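No lab work stands behind these numbers, since they all come straight from the coordinates. Keep in mind the model is a prediction, meaning the values are calculated, not measured. Please note: Cβ atoms are built from the backbone with ideal geometry, for glycine as well, and neighbour counts cover all protein chains shown.
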Amino acid sequence: MENSRSGPTHLAEPGRHPDSDPSAFRIDSYLKQRAEFVERALDSVVASDGRPGAQLLEAMRYSLFAGGKRLRPILAIAACEAVGGDPADALGLACALEMIHTYSLIHDDLPCMDDDDLRRGRPTNHKVYGEAMATLAGDALLTDAFIVLARSHPNRASSAAVLDVVAELAQAAGSSGMVIGQALDILCEGKATDLATLEYLHARKTGALFLAAVRGGGLLGGGNPDQIDALTRYGRSIGLAFQVVDDVLDVEASADQLGKRTHKDDAHGKATYPALMGVAKSRQFARELKQRAIDALAAFDERARPLREIANFVVERSL
Ligand code: GRG
């Protein structure tokens with residue numbers, strides 16, 4: 001009988017993890033190091049092992065290694081470090097978040113959803129592998145994500161805490177999180193939508209994964225209830241700020257810059273922050289949200305510096 005731990009989803013030994021010398025902190029090198037740390041782990045958990053059906057793994061890896069910013073996994077790791085945990089404690093969650101995020105992008109690009117040809121500067125998954133294989137690659141990434149997380153063994157968290165994080169991630173991804181957000185996005189297309197509805201939609205479609213990242217990272221790092229509460233406030237603000245900036249970039253940036261089609265929100269009749277409050281006010285709102293996120297971390301020490309600087313990165317980014 002096949003070993004239940006074999007296959008492409010076993011989280012291998014993480015290997016050397018990035019060091020954190022607070023005196024030499026630079027956000028760009030922090031983001032690069034943590035992204036590489038996650039990518040090495042992803043390479044081992046979604047690895048082609050020569051079994052029949054290798055094209056499925058190829059399709060999964062095509063989108064997984066297409067050059068994403070790895071923001072959600074980095075947030076999980078940064079939250080874990082902020083409460084005193086080791087980056088490796090959040091590595092299973094980090095991989096799971098990126099796998100779920102990648103599945104959502106593959107499915108979002110399908111002809112039955114946004115029907116996009118370009119993502120992360122490359123042809124979309126279904127353009128290369130066909131709709132059936134792209135759908136299955138997304139399904140497999142979503143499902144395998146939970147194996148990777150459930151099999152992780154953080155040093156500072158109990159099995160019960162890992163189980164809580166599994167449930168929170170499922171909730172963030174499913175019918176009360178990202179999927180309902182996507183459904184609402186489709187249902188609201190072409191209809192008058194007010195700011196409260198837009199915020200409700202985005203808290204689910206994109207915000208829920210950000211929140212699961214920072215809460216999960218904090219829980220796996222052994223954070224106490226006050227710390228998790230603060231991370232929850234940080235996660236809500238940063239998730240919304242990310243989306244406001246995403247809407248602004250869709251209006252202001254070029255397709256070359258973003259590696260995906262732009263101006264599509266308007267073309268699809270979607271409600272956006274720039275459409276409802278204008279670009280300048282949207283940018284101002286994003287900066288207010290950044291400040292709220294940073295204020296939520298007031299009780300944390302220097303170990304929360306990456307989270308504070310990520311808040312700035314999310315709001316000032318250009319891609
Ligand atoms: C199909 C269930 C299902 C959900 C799709 C997230 C989503 C829901 C659709 C993606 C559409 C979209 C562009 C949403 C805006 C926010 C977003 C997720 C942007 C892309 O995230 P980044 O900037 O991407 O983190 P990278 O490529 O850096 O990983």
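To the nearest 20 debye, what is the magnitude of the charge dipole of the stretch 24-316 about its Cα centre, counting +1 on the Cβ of each Lys and Arg and -1 on the Cβ of each Asp and Glu?
Numbers: 33 positive and 40 negative charges, 83 e Å.
Dipole size: approximately 400 debye.
At 4 °C and a viscosity of 1.567 mPa s, what translational diffusion coefficient does Stokes-Einstein give for the stretch 166-319, taking Rh as the Kirkwood radius over Cα pairs? Give it in µm²/s as a whole number.
Numbers: Rh = 16.1 Å.
Translational D for this selection: 80 µm²/s.
Using modelled amide H (1.01 Å from N, peptide plane; none on Pro or chain starts), what sits under 5 Å from the amide H of Leu118, excluding residues fewer than 5 places away?
Placed amide hydrogens put Thr124, Arg261 under 5 Å from Leu118.
Once every Cα of the chain carries one equal point scatterer and solvent is ignored, give the base-10 log of I(q)/I(0) from the Debye formula at q = 0.10, 0.11, 0.15 Å⁻¹, two decimals.
-0.54, -0.66, -1.27
Give me the percent relative contact order of the chain, please, defined on Cα pairs under 8 angstrom at least 6 residues apart. Before the final figure, lay out each step's value.
On the way: 498 pairs, mean separation 65.6, N = 319.
Taking the mean separation of contacting Cα pairs over the length of the chain, I get 21 percent.
Keeping to pairs on different chains or 8 or more places apart, tell me how many lysine pairs in the chain have Cα atoms under 16 Å apart. Please report the intermediate quantities before stating the final value.
Numbers: Lys32/Lys69; Lys69/Lys260; Lys127/Lys260; Lys191/Lys264; Lys191/Lys270; Lys205/Lys270; Lys281/Lys290.
Lysine pairs, 8 or more places apart or on different chains, close enough: 7.
Under a no-solvent Debye model with one identical scatterer per Cα of the stretch 147-205, what's log10 I(q)/I(0) at q = 0.17, 0.24 Å⁻¹?
Normalising to I(0) and taking log10 leaves -0.63, -0.88.
Starting with the highest mean, order 103-110, 148-155, 275-282 by the number of other Cβ atoms within 10 Å, averaged over the residues of each peptide.
Values: 103-110: 22.0, 148-155: 19.2, 275-282: 14.5.
Listed from highest to lowest mean packing, they are 103-110, 148-155, 275-282.
Using a Gaussian network model of the chain with C-alpha springs under 10 Å, which one of Gly84, Gly207, Gly223 is most mobile by mean-square fluctuation?
Gly84
Provide the per-residue ³J(HN,Hα) series for the stretch 224-240, in order, calculated from phi with Karplus coefficients 6.51, -1.76, 1.60 and θ = phi - 60°, each as a whole number of Hz, with x at glycine and proline positions.
With the stated coefficients, the stretch 224-240 comes to 8, x, 5, 5, 5, 4, 5, 5, 5, 5, 4, x, 5, 5, 6, x, 6 Hz.
Please list, in order along the stretch 83-99, the HN-Hα scalar couplings obtained from phi with the Karplus expression 6.51 cos²θ - 1.76 cosθ + 1.60 (θ = phi - 60°), rounded to whole Hz, x for Gly and Pro.
8, x, x, 9, x, 5, 5, 9, 5, x, 5, 4, 4, 4, 4, 5, 5
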